[in-house]
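Asks: Structure provided below as structure tokens; questions to follow.
The values are calculated or read from the model by the stated rules, or taken from the named source; none is laboratory data. Because the structure is a prediction, the values reported are computed rather than measured. Cβ placement follows ideal geometry from the backbone for every residue including glycine, while neighbour counts extend to all protein chains displayed.
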């Protein structure tokens, strides 16, 4: 599942554990990115959990700034400029 906000922010992206490591997150991202680019988006961002940072990096996102904590969860800002 993937949810976007304003064609730039990845609100959430989840793949059930039994389906990880099969390229599903990449397919979801590629599909949504194409739609967002067609709508004029040229940059994207997400607040990634520590476990998902490598996934976002594999999509070309880069870490920005120091991690922050919100509601007891630590996030890393990830950005992609195209």
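Asks: Could you name every one of the strands (runs of 3 or more DSSP E) located completely within the range 17-82 that has at least 3 residues being touching a helix residue (DSSP H, G or I) at 6+ places or on another chain (Cβ under 8 Å) and surrounded by 10 or more Cβ atoms within 10 Å (Cβ to Cβ)? Spell out how you get there, then give the answer.
Replies: Values: elements: 43-49, 62-70, 73-81.
Once the strands (runs of 3 or more DSSP E) in the range 17-82 are filtered for at least 3 residues that are touching a helix residue (DSSP H, G or I) at 6+ places or on another chain (Cβ under 8 Å) and surrounded by 10 or more Cβ atoms within 10 Å (Cβ to Cβ), what remains is 43-49, 73-81.
Asks: To continue, here is another question. Residues of the range 41-82 being on the phi > 0 side of the Ramachandran plot and at pLDDT 95 or above, which ones?
Replies: Our first condition is that a residue be on the phi > 0 side of the Ramachandran plot; within the range 41-82, this holds for 60, 65, 71-72.
Answer for the range 41-82, where residues must be on the phi > 0 side of the Ramachandran plot and at pLDDT 95 or above: 60, 65.
Asks: Next question. Keeping to the range 42-58, report how many residues are touching a strand residue (DSSP E or B) at 6+ places or on another chain (Cβ under 7 Å) and under 23 Å from residue 17 (Cα atoms).
Replies: The total comes to 7.
Asks: For the range 6-16, which residues satisfy the criterion of being exposed (fewer than 11 other Cβ atoms within 10 Å of the Cβ) and either in a strand (DSSP E or B) or at positive phi (or both)? Walk me through it before giving the result.
Replies: Kept after step one, since they are exposed (fewer than 11 other Cβ atoms within 10 Å of the Cβ), are these residues of the range 6-16: 6, 16.
Answer for the range 6-16, where residues must be exposed (fewer than 11 other Cβ atoms within 10 Å of the Cβ) and either in a strand (DSSP E or B) or at positive phi (or both): just 6.
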